[in-house]
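Structure record follows, encoded as structure tokens.
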Amino acid sequence: MKQIFIFFCVFFLLTGCSDNDDSHSSEVKYSEIIQGDNFNGDYNNPKANLVIKDQTEWNNLLLKFNLITNANVISPDLNVDFTKYQVIVVIDDVYNYGGYSIDITKIIETNNTVFVKVEYLKPGGFNAAMTQPYHIVKIPKTDKKVVFK
């Protein structure tokens with residue numbers, strides 16, 4: 001009986017001490033690159049959560065969503081140093097009405113994971129215009145897994 005008790009104690013100690021410990025967390029400071037709701041006319045741009053880690057992927061996104069033209073209108077800085085940063089992108093569905101938003105409201109980093117909290121803060125339905133909300137931010141470069149919540 002004593003051996004069984006010792007076995008279970010050792011088992012629980014070993015399984016409780018894994019290197020997948022995500023108990024420590026801290027908020028990640030992020031910089032907004034651009035947020036909007038323009039629709040570029042392409043219905044083949046599905047809802048998506050993206051992590052962009054290089055210039056080629058970034059350029060493809062800017063072209064696909066016509067963000068360069070839109071950015072020139074509102075003047076954000078689209079230059080990203082991918083040796084220091086990575087880009088987090090959330091893109092919502094296409095809507096028949098304006099006023100919707102998709103919002104990155106918090107980013108939390110644990111020992112193994114980066115959690116991106118996504119919310120829908122504006123309910124939409126205000127005017128008859130095709131829109132596709134998006135929010136794009138940059139965070140310090142990391143090799144941790146990114147999870148969208």
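The values are calculated or read from the model by the stated rules, or taken from the named source; none is laboratory data. These numbers were taken from a predicted model, which means no experiment stands behind them. Positions of Cβ are generated from backbone atoms using ideal geometry, with glycine treated the same way; all protein chains shown enter the neighbour counts.
Below is a table of values for the structure above.
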{"read-out": "Condition met for N49 (surrounded by fewer than 18 Cβ atoms within 10 Å (Cβ to Cβ) and either at pLDDT below 80 or within 28 Å of T142 (Cβ to Cβ) (or both))", "value": "yes"}
{"read-out": "Whichever residue in the range 94-149 is surrounded by 18 or more Cβ atoms within 10 Å (Cβ to Cβ) and either without any contact (Cβ under 8 Å) to a residue 12 or more places away in the chain or among the hydroxyl-bearing types (S, T, Y) (or both) and, among such residues, is nearest to I52 (Cα to Cα)", "value": "Y134"}
{"read-out": "Residue under evaluation F126, criteria (1) assigned to a strand (DSSP E or B); (2) over 21 Å from P76 (Cβ atoms); (3) hydrophobic (A, V, I, L, M, F, W, C), criterion not met", "value": "(1)"}
{"read-out": "Residue, nearest to N96 (Cα to Cα), within the range 24-46, restricted to residues that are modelled with pLDDT of 90 or more and either crowded, with 16+ Cβ neighbours inside 10 Å or out of contact with any Lys or Arg (no Cβ under 9 Å at 6 or more places or on another chain) (or both)", "value": "Q35"}
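Residues are listed down the side, and each one gets a yes or a no for (1) of a type outside the set (S, T, Y); (2) at pLDDT below 95:
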{"position": "I107", "(1), (2)": "yes, no"}
{"position": "T110", "(1), (2)": "no, no"}
{"position": "V116", "(1), (2)": "yes, no"}
{"position": "P123", "(1), (2)": "yes, yes"}
{"position": "N127", "(1), (2)": "yes, yes"}
{"position": "T131", "(1), (2)": "no, yes"}
{"position": "K141", "(1), (2)": "yes, no"}
{"position": "V146", "(1), (2)": "yes, no"}
